[in-house]
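Report on the structure given below.
None of the figures in this text is laboratory data; all of them are computed from the coordinates on show. Since this is a predicted model, take the numbers as computed values, not measurements. Heads up, the Cβs are rebuilt from the backbone with ideal geometry, glycines too, and the neighbour counts pull from every protein chain shown.
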Amino acid sequence: MGDKAADASTAYKLSCTLNGKETEMETAPARKLLSILRDDLELTGTKRSCEIGRCGACMVLIDGKAVNSCLTMAYQCEGKSIDTVEGVSAGGIDPIQQAFLEEGGFQCGYCTPGMIISVKALLDGNPEPNDDEIAEALSGNICRCTGYGGIWRAVRLAAERRRQPS
Amino acid sequence: MLLNREGSGSRWRIRPDGPSKVTGQLSYLTDMTAEGMLYGLVLRSEHPHARILSIDTDAAKQASGVRAVLTYLDVPGLNAFGIAHPDQPVLCEDRVRYVGDAVATVAAETLEEAEYALMLIKVEYEPLPVLDDAEAALAPEAVKLHEKGNLLHHAGYSKGDLAEGFAGCVHVVEETYYTPRQMHTYMETEGGLFVPGEDGRLTVYAPTQHGFMDRMQLSRILDLPQQQIRIVSSPIGGSFGGKDELNVQPYGALLALRTGLPVKFHNSRWESVRAGLKRHPMKITMKTGTNAEGKLIAHQVRIIADTGPYSTLGAEVLNFAVEHVIGPYVYEHLDINGYSAFTNNGMSGEFRGFGGNQAIFALEGQLDRLAELHGMDSWSFRKLNMRRTGDTGPFNQPIAQTDGAEQVWSVVAGSELWKEKDKEQTSNQPPWIKTGVGAAFVMHGAGLGVGIPDPAGGRLQLAKDGKIEAVFGYEEFGQGLIASLELMLIEQFGFAASDLRIVIGDTDIVPDSGSTTASRATAMMWKSLERMRVPFEEAIIARATVAAGLAVDQLQLGEGGVRRKGSEELIISYEQLAQLEGEPVKSETSFHFPTSSVDRIGAHFMYTYSAVAVKIELNTLTGRVNVLKQLHAVAAGPVVNPQGFLGQIEGGSSMALGFTLTEDAVMDKGYYMTRNLDTYLVPTIADQRGDVEVVAIEQLPEGDTYGPRGIGEVGSVTLAPAIASAIRAASGKWVTKLPVQPSFLQEQPAFLQKAVD
Amino acid sequence: MGTNAHEQETIQSPLVWHPQSAADAWQLKQNFGADAVYAAGGTLLRTQWESGLAKMPAHLIDVSRINGQEEPIREHESGMTIDAATSLAACRSDALIARKLPLLAEAVKQIAAPSVRQLATLGGNVSSLVGDSLPALLVYDAQLHLFGGAGEHWEELSDWLAATEQALLSSQPASRLLIGITIPMPEGTTDSHAVAPAQEELVSKTKRFGAYYKVGRREAFTPSVVAAAVVGSINSSGVLEHMKLAVGGGQTIPRRLKELEAAFAGSELHAATLQRIYDGVLDVYEPRGDLFASADYRKSTAANLIVTELWKSAAEAVTGGW
């Protein structure tokens, strides 16, 4: 049996980069990242809603990819770079957020941080997405208020502005 | 006017609450924490219907970290709640009537300890027969769920002589329609923070649509004067009617007062599904007849609504449905009977559309069928039977008159989308893809209606720091109320956004403006500002004249302060004004939502008219329907806030899309089968790829004093029958049950049928 | 009332083991027995824990590191191999899979949502027995690389599914560990079902076809009602030279419809044949119905999709300039 196998324990020290800062914390290895963020670190921009990965309200970036923090366990974050909506907003209003503001891509706002995260992951990987790609990329983010009209407009505007920075 | 960003110019604004929402900085009430807080949970019934033989909380009370375990014995006041009629137990004593019924509540130092404590509570049940069908519940032999029986409410309306009416008809259509148990699916589940004060007061931070109603209900439960309770209720992560009734508040309040510590609640999704409200499933049977000219003569309707175990607003929803199964058409003979039945299914209650969604699906289905029997264009058939300007409302009651019916009808009649109806199905489609165009029409009532307290009002004041404060008792659950209020203050008074402070959602500060429900808040704010404008302007200018030594008629309100008329020169800033001595500068108003002068509970006075046309695509291989285009024509008076208006119609129609095609909180013998969002399917962005055009008709008749009509619900009520109509056009099949069953629309490929021939 | 994830996390948070080889993982499972569960992406497990369908185990055996291969998706002389721990997102964006295994690429695209696919693995999808990748893998004749008591071995996916279903029925779940999935590609074939018509035209007048379908309850992120895959070839006279069919969806364990494959090889695909294939699907496919979609609807949907694909392909083979 490999040495690492013997490392198992309930008291576990997670090392990762969180919103750009190297972070270490004691936690249980199977603890949900969502609980770590919201309850342990009080980063409440990441929202709790379905807790089975079906709504996207808890979306975070892990190594730049959108991932449901309710499905991610602490040990799966080891060595990873995690960005929450607080991290994305650290430098002020991001152009994606600006597009959501201008187009009315939100109403109650509860799905919005997760939605912003997914749009960021999409546009960072694919600056000129077509409608099929937008629909696929955001299919895991449920918005109950807008009917997605404002979200379609916001994503298209954000992509357009990336192509033609004003 | 086609509503969009381009056409709205400077009226299309970034919402004041936007930046904090898109950055995640906004703290929702379920995000709040407090030093030393406890976590609260509720133990709910294992059975849809059972007698409680015993409740043993000893082990739970002794468990680690547990600070309180409460049962019915610990409710100091009325052990019941319900907006209209309090009959839902806070904590059940001897009987449970649905799987969401609360039996005990626990507060512990950690969530995990609270969960563990729930497991240690021993409840002995004796299961009772389960009433899982509303009609069966109304049978005489059914077990009684309440002392008065299983009929929560009967609502009827009749005129003329039905038998005589049908005798003179050339066509009669009889059909039964079924609608689903739709879930609100607000993204933020119920919860909040409950903080006891040293002075014996309790502060409740929990979403609701009517803070003062919560305060009154909690006061009854806690046996505490209302002044001892403060409700802070916004912001809210979606509600759609679902958070108007109490949910976790009684438990948080009881636990906080018992332990003297702050208590946090935040429902899991399953807890929310299990305990929360849904839209009433209805079975609506209609028999409708026409004469040779195609005029509606007789209309008979029977509505059976499954209201679940307790009242909440079940009776009011039924009243609304009864009004809206009559709707925007004129008949000679009517006989409407609605029955709302108690069952052991989940709780039904208030939900955007408020019984209209079900009623309009059925009524518009009848209109389409009759038009076809007459060989008439379905839209012309509606025009023939429509109420005209000057006509009374569905209950023959006086209503606020508009030309809305005619206006929205014309928009659809003249639209490109409606003209596609008569085009040949395009030949470049594979043969198994069929398209169809359909349309539907509605007049949707706003406000609570005759006989129900429906207060409105608000306050404007110049605050000490020079901000103009607009203080209203309404709630922001996403609809954009704050944005609409800001825009009205800018446009009607000349203030700058930076002059303003909008104060809502705190019972210690705001006046009781009534509930934020029934598409009423924007209309009531508009009316309130109209009533306060002159006195408030006068009060500010009076103070300014003293300071500036200028006459009243030389001054006017403007951005940043009072300005000289004509030159716009700033005479004195609001901040400077606020520092001057004098009578407080404020204006208050309170009034009642306008109602009809008729003795008919629930009858409406103000209506919004809407017509919706859709184009759908049906894949007959799978039976699945895709909505390609939507056109919504809405006549609701002046558009207060274009972005908000568009968002309400787009969002409402998305909910209606789910209602029509995918959503149903399926129950089996009183148990929910759809416990989370893996089986309860609301539309995703991939389901919403079709264009949605919204045309707003703003004209009101000369002399109208009521201003903007409600638009919060109307987007959600008309899409289902329009889709059903388009399905008929595409497939030749009449849909009677929602959500539409793909198996019903599926066909074998034509190339096989040829082989069979 | 089941316990749920919150309670379990603190009161009995599992020990997480990170074996570096299949043998180590296997040994851990032997040691802990029913107290241990293998986890790759963990998405299904988390969902089951949250809903109370499964208890959080005392031991979690993280199998995401047991392969140690440089390239989790690799081509070799006998075909292509995908490590079980490869995320569905990696499968979705892999150029080799897109080119050589287009049906698998299409299947993966329609599983869950992109964010879930970052965690979820192909091995997990296969191991669930009802994953929507299975019909695609079945028509590719996928083989599973497994680790069991007797060491490593290979097994046909279709045999493994049938055997595992039997084992479940007799309540004797097999505890073999999935290491990888191999798609055999006999020497000389450029890919598994040929999508390069220009080259094909040179060597024969045969049209090769292939399609994957998923029908759910909404347009995206939906449990499947039907998941079906079909590949085959049709000559220019409209004769079906061969085909492979696999159908599943929902809680039905997918299977190859080999009885139909054999019965119709060599048949001319005219309307009467298509009707017989349609009837054949209704006859041999036995899906599990549920509250959302009946078994009958699942059958007729599968039959509709399969015969329509054959009809389209036959029309193209005969008239499409092949």
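If each Cα of region C:13-62 is one equal point scatterer, what is log10 of I(q)/I(0) from the Debye formula at q = 0.13, 0.15, 0.26, 0.28 Å⁻¹? Each listed q maps to, in turn, -0.28, -0.37, -0.98, -1.08.
Output the antiparallel fraction of DSSP beta bridges having both residues in the protein assembly as shown, as a percent to the nearest 5.
Roughly 80 percent of the DSSP beta bridges within the protein assembly as shown come out antiparallel.
Spin-label pair B:E198-A:R161: with each label point 7 Å from Cα along the Cα-Cβ axis, the two points sit 4.8 nm from one another.
Across region B:390-400, rounded Karplus estimates of 3J(HN,Hα) from the backbone phi angles (6.51 cos²θ - 1.76 cosθ + 1.60, θ = phi - 60°) give x, 5, 7, x, x, 8, 6, 9, x, 10, 5 Hz, Gly and Pro being marked x.
Per-residue shielding of C:48-57, expressed as the average number of other chain Cβ atoms within 10 Å of the residue Cβ, stands at 3.
Computed about its Cα centre, the charge dipole of chain B is approximately 880 debye, with only Lys, Arg, Asp and Glu carrying charge at their Cβ. Values of log10 I(q)/I(0) for region C:212-274 across q = 0.14, 0.16, 0.22 Å⁻¹ run -0.50, -0.61, -0.87, by the Debye formula with one identical scatterer at each alpha carbon and no solvent.
By the beta-carbon count within 10 Å of each Cβ, the least crowded to most crowded order of B:D214, A:D63, fewest first, is A:D63, B:D214. Computed over the alpha-carbon pairs of chain A, the distance histogram in 5 Å steps reads 2, 9, 17, 21, 18, 13, 8, 6, 3, 2, 1, 0 percent, short to long.
Simple rule: put +1 on each Lys or Arg Cβ and -1 on each Asp or Glu Cβ in region A:95-163, find the dipole, and look at A:P129, A:Q107, A:I151; the Cα lying farthest toward the positive end is A:Q107.
Distance from the C-alpha centroid of region B:45-94 to that of region B:545-583: 60 Å, rounded to the whole angstrom.
Cross-linked pairs B:K467/B:K586; B:K615/C:K312; A:K13/C:K55; C:K207/C:K312; C:K244/C:K299: Cα-Cα separations exceed 19 Å for B:K615/C:K312; A:K13/C:K55.
Charges were assigned to the Cβ only: +1 to each Lys and Arg, -1 to each Asp and Glu. The resulting dipole of chain C about its Cα centre is roughly 620 debye. When the charge dipole of chain C is built from unit charges on Cβ atoms (+1 for Lys and Arg, -1 for Asp and Glu) and taken about the Cα centre, the candidate among C:W154, C:L45, C:I66 whose Cα reaches farthest toward its positive end is C:L45. With the simple model of a label 7 Å out from the Cα in the direction of the Cβ, B:E530 to B:D704 spans 1.0 nm.
Dipole of the protein assembly as shown, Cα-centred, from +1 at each Lys and Arg C-beta and -1 at each Asp and Glu C-beta, to the nearest 20 debye?
1120
Distant-in-sequence amide contacts of B:H171, defined by a placed amide H-H separation under 5 Å and a gap of 5 or more residues or a different chain, comprise B:T290. Classified by the C-alpha gyration tensor, chain B has an oblate form. Its axis ratio a/c, with a ≥ b ≥ c, is 1.5 or above, and a/b does not exceed b/c. Summed over qualifying helices (DSSP H, 4 residues or more, each -39500 (n - 2.57)) and divided by its residue number, chain B shows a 222 nm mean residue ellipticity of -8000 deg cm²/dmol. Of the beta bridges in chain C, as assigned by DSSP with both residues counted there, near 85 percent are antiparallel. Rounded, prolate or oblate: pick one for region B:241-312, where a ≥ b ≥ c are the square roots of the eigenvalues of its C-alpha gyration tensor, a/c under 1.5 means rounded, and failing that, prolate if a/b is larger than b/c, else oblate. Because a/c hits 1.5 or more and a/b exceeds b/c, region B:241-312 counts as prolate. By the count of other C-beta atoms within 10 Å, a proxy for reagent exposure, B:Y474, B:Y339 are ordered fewest to most as B:Y339, B:Y474. Couplings 3J(HN,Hα) of region B:277-292, computed from phi: 6, 9, 6, 4, x, 10, 10, 10, 9, 10, 10, 9, x, 10, 8, 4 Hz, in residue order, whole Hz [Karplus 6.51 cos²θ - 1.76 cosθ + 1.60, θ = phi - 60°; x for Gly and Pro]. Stick to Cα atoms and the Kirkwood definition of Rh, then tell me Rg/Rh for region B:157-202. Looking at region B:157-202, the ratio lands at 1.51. Out of B:A108, B:S528, B:V90, whose Cα points farthest toward the positive end of the dipole of the protein assembly as shown (charges: +1 Lys, Arg; -1 Asp, Glu; placed on Cβ)? Result: B:S528.
Mean partner shielding of peptide B:472-480, defined as the number of other chain Cβ atoms within 10 Å of each residue Cβ, is 3.
Binning the alpha carbon pair distances of the protein assembly as shown at 20 angstrom intervals from zero yields the distribution 11, 38, 37, 13, 1, 0, expressed in whole percent.
Shape verdict for region A:3-88, please, from the Cα gyration tensor: rounded (a/c under 1.5), prolate (a/b greater than b/c) or oblate.
Details: a/c = 1.80, a/b = 1.45, b/c = 1.24.
Prolate shape, in that a/c is at least 1.5 and a/b is the bigger ratio.
Sort B:H374, B:H49, C:H270 so the one with the fewest other Cβ atoms within 10 Å of its own Cβ comes first. Don't skip to the end; give the middle numbers.
On the way: B:H374 18, B:H49 25, C:H270 13.
In increasing order of surrounding Cβ atoms, one gets C:H270, B:H374, B:H49.
Rg/Rh for chain C (Cα atoms only, Rh after Kirkwood) is 0.99. By the Stokes-Einstein formula, at 0.890 mPa s and 25 °C, region B:455-592 with its Kirkwood radius over alpha-carbon pairs has D equal to 161 µm²/s. A Förster radius of 51 Å combined with the Cβ-Cβ distance from B:S743 to B:R564 puts the calculated FRET efficiency at roughly 0.10.
Shown here are the Rg and Dmax of the Cα trace of region A:95-163, at 10.5, 30 Å. Using the Cβ-Cβ distance between B:A34 and C:E70 with R0 set to 60 Å, the FRET efficiency works out to roughly 0.70. Normalised radius of gyration (Cα atoms, divided by 2.2 N^0.38 Å) for region B:189-336: 1.46. Between region B:144-158 and region B:254-279, how many Å separate their Cα centres? What the calculation gives is 30 Å, centre to centre. Extending 7 Å from the Cα toward the beta-carbon at both C:A263 and C:S93 defines two label points whose distance is 4.5 nm.
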